[in-house]
Amino acid sequence: MTTYNASRRDLAKVIAFMGAAAATPALAQPRAAAPGNIDAAVKAAHAQYKSLNEGKNADYIPALAQVPSHYFGIGLVTPTGASSFVGDIEPKFSIQSISKVFTLALVFQESGQDLVENSIGVDATGQVFNSIVAVEQFRGKEMNPLVNPGAIATTGMVKGSSADEVWRKILGIHSDFAGRQLDVDEVVYKSEADTNQRNRAIGQLMSAYERFPGDPAQATDLYTRQCAIAVNAKDLSIMAGTLANGGRNPVTRKQVIDPRHVPGLLAVMATAGLYDDSGKWLFRTGLPAKSGVGGGLIAVSPGKFGLGTFAPPLDAAGNSVRGQRAIASISNTLGGNPYSVQPV
């Protein structure tokens, strides 16, 4: 009997291929349900989970502990621009780690996917999101872009002759995904910058292993600033909807990134988007997703819809409790799991 021991890179390629298949119109499931069904599903999930009191706000960044924990907003946007918004969709909060997806999209667009795969890798690390042990273990190679070491390195890969030029590009692509001009929550930025000593050390270590060019202090500062970009639940749903629509914003109709880069983004989200619970989330929903400790969560059903939620209390893994429950419920109702197919 012939046996085959798949490497982690092989697994990542298989997942990327599956993501590409799900995003290809010829293979995708039919597009999302009629707007009335969408609205009913979103409203039902909000009503079901708005009183759920599990979890607590992140407090290792002091400003996040002050965000009202009762906030709960849900948005859904389809590739055609149909939408449903319920609850606290207007209050702004810091995007935090969700920003990693969109800065990665910028690097893919500027430099191609091979740069990221060959420099920091795309595999899940098997360690916590800010692990220094993982950096040392693999000399910075297997630090996928959705954990802090890989994300700082990704920010350091953005092209620009100055910090201001790099920052304009980062803020610009986030704004294009959201369909409006975004800005930074300066209070959160200062709070994070005052407490990011560990990330500064990680940035220096990744630089020492030559995983990105340029000044590690600049890369860490810009990464900290991108995490403090202020968004709301509506913004997140449009950003997710842009990914569901092959990189074209379903509201502004602007092609933000090339469609060919979307499957790779979704594959990394699927394998590492929800910290240590990424595998559990993918098993339960099949949806590529990304969470942030500010309470935001995005999820993508390729070709069908994008979801964005805001609910600050987090579980032990750092993911919004109400957001996860609501997204799973809505996706189940609307048939969003890209791996769920009916026989023909």
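A few remarks follow.
- Residue match in segment 111-131 (condition: surrounded by fewer than 24 Cβ atoms within 10 Å (Cβ to Cβ), under 22 Å from Gln218 (Cβ atoms) and at pLDDT 95 or above): yes
- Failed item, numbered, when Ala328 is tested on (1) in contact (Cβ under 8 Å) with a residue 12 or more places away in the chain; (2) under 26 Å from Thr224 (Cα atoms): (2)
- In the condition set (1) buried (at least 24 other Cβ atoms within 10 Å of the Cβ); (2) in a loop (DSSP other than H, G, I, E, B), Asp59 is compliant with all but (1).
- When Gly214 is tested against the conditions (1) part of a helix (DSSP H, G or I); (2) touching a residue at least 24 places away in the same chain (Cβ under 8 Å); (3) closer than 30 Å to Gln255 by Cβ, the lone failure is (1).
- The listed residues are Thr271, Thr252, and the only one of them that is within 17 Å of the chain's Cα centre (by Cα) and either at pLDDT below 95 or not in a helix (DSSP H, G or I) (or both) turns out to be Thr271.
- Checked against the criterion of being of a type in the set (S, T, N, Q) and not in a helix (DSSP H, G or I), the candidates Ser99, Ser51 yield just one match: Ser51.
- Residue within segment 276-291 that is aromatic (Phe, Trp, Tyr), touching a residue at least 12 places away in the same chain (Cβ under 8 Å) and part of a helix (DSSP H, G or I) present: yes
- Scanning segment 147-170 for residues that are surrounded by fewer than 20 Cβ atoms within 10 Å (Cβ to Cβ) and in contact (Cβ under 8 Å) with a residue 12 or more places away in the chain returns Lys159, Ala163, Trp167, Lys169.
- Qualifying residue in segment 98-105 (condition: modelled with pLDDT under 90 and in contact with a helix residue (DSSP H, G or I) (Cβ under 7 Å, 6 or more places away or on another chain)): no
- Qualifying residue in segment 153-166 (condition: of a type in the set (A, V, I, L, M, F, W, C), touching a strand residue (DSSP E or B) at 6+ places or on another chain (Cβ under 7 Å), part of a helix (DSSP H, G or I) and modelled with pLDDT of 95 or more): no
- Residue within segment 89-105 that is hydrophobic (A, V, I, L, M, F, W, C), crowded, with 22+ Cβ neighbours inside 10 Å, over 20 Å from Ala317 (Cα atoms) and in contact with a Gly (Cβ under 7 Å, 6 or more places away or on another chain) present: no
- Given (1) under 30 Å from Gly336 (Cα atoms); (2) among the aliphatic types (A, V, I, L, M); (3) in contact with a Leu (Cβ under 8 Å, 6 or more places away or on another chain), number of the condition Val147 does not satisfy: (3)
- Residue identified as surrounded by 14 or more Cβ atoms within 10 Å (Cβ to Cβ), closer than 30 Å to Gly203 by Cα and modelled with pLDDT of 95 or more among Phe72, Phe108: Phe108
- Residue count for segment 58-103, restricted to those that are of a type in the set (S, T, N, Q) and within 27 Å of Val122 (Cβ to Cβ): 5
- Looking across segment 181-196, not a single residue is among the basic types (Lys, Arg) and closer than 14 Å to Phe102 by Cβ.
The values are calculated or read from the model by the stated rules, or taken from the named source; none is laboratory data. Every value quoted in this text rests on a predicted model; they were computed, and no experiment measured them. Ideal geometry is used to build each Cβ from the backbone, glycine not excepted, and the neighbour counts take in all protein chains shown.
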